[in-house]
Amino acid sequence: MKKLFTFYSFLLIVLFLAAPSVQAATIRLSSPKVELELAPGETYSGEISAENPADEEIKTRIYLEDWAYSPGGTGEKKFMPMGSAPLSASRWITFSPAEDLIKPFGRTTVRYTITVPPDAKGGYYSVLFFETILGSTKDDEGVSVLVAGRIGALFFVQIKGTVEKTGTVEALEIKAPQGNKPVELITTFKNSGNVDITVAGNFLIMDSDGGVQGRGELNKIYTFPGTTEKGSTPWIGRLAKGNYQVLVTYDLGKGQSLVEEKTLTVA
């Protein structure tokens, strides 16, 4: 298929997927994660600075999108057009400037204002992207391709007095070691509240006398309201034959926790 562009075609990819041959004009954000607790009807103003660490000026385009966690509980995110997600905060946000030319080793400051609707409840989310041209490379047919990259500041907005941070461990499965496969803890967690929950925690493996034979940290599970996600944590250690009790403590944040206990039999 012949290309429509004689000199240039344009390709938009995320910053971390840029071709190695491209000289990436990266920027650094002062606040890659913005966590706010605002009252219904409240107006809040803040700012995010973007720094250019390179010796060349960078043209930056700035815009809002929605985001949510992708299924799987790993924390991977999917991005959507502004205002299209059910828990979007993007339409509450105004900001300036929408583009800027950042001088070498300089910075630009984006000032934003969030106006919360009076009937808002729970958690809402948005991302402010800073998009730049990273450089150019050539495709397989020798056509020059301009490569763009973007980096985002994630917004987590919780509404005071309305937050319901609740969830349940729907299932906990402990797989015994087999051959080269280690012990594996598999948790199924349901977020039944109205805000995002990142499930962390730890576990103890105890023998019949109560002695601790193993311990570790759980891999985190990232959830949005109304979702059920599964997370897996391997434990690489040696256990003698016998029965063990596995005590798992789940940390839901802000002092909330859940405890589950299961029997593990090593044959």
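Quick notes on this structure:
- Reducing the stretch 175-201 and the stretch 50-121 to their Cα centroids gives an inter-centroid distance of 31 Å.
- Rounded to the nearest 20 debye, dipole of the chain from Cβ charges on Lys, Arg, Asp, Glu: 260
- Ordering 193-201, 34-42 by mean Cβ neighbour count within 10 Å, with the highest value first, yields 193-201, 34-42.
- Percentage, to the nearest whole number, of Cα pairs in the chain over 34 Å apart: 39
- When each of Lys33/Lys103; Lys190/Lys254; Lys160/Lys190; Lys165/Lys241 is checked by Cα-Cα distance, pairs over 29 Å: Lys165/Lys241
- Amide H contacts under 5 Å for Thr162: Gly122, restricted to partners 5 or more places along the chain or on a different chain, H placed in the peptide plane at 1.01 Å from N.
- About the centre of its Cα atoms, the stretch 50-108 shows a dipole size close to 240 debye [charges on the beta carbon of Lys, Arg (+1) and Asp, Glu (-1) only; nearest 20 debye].
Every number in this text was worked out from the coordinates using simple rules, so none of it is lab data. Owing to the predicted nature of the structure, the values given are computational and were not obtained by experimental measurement. When we count neighbours, we look across all protein chains shown, and the Cβ atoms used for this are built from the backbone with ideal geometry, even at glycine.
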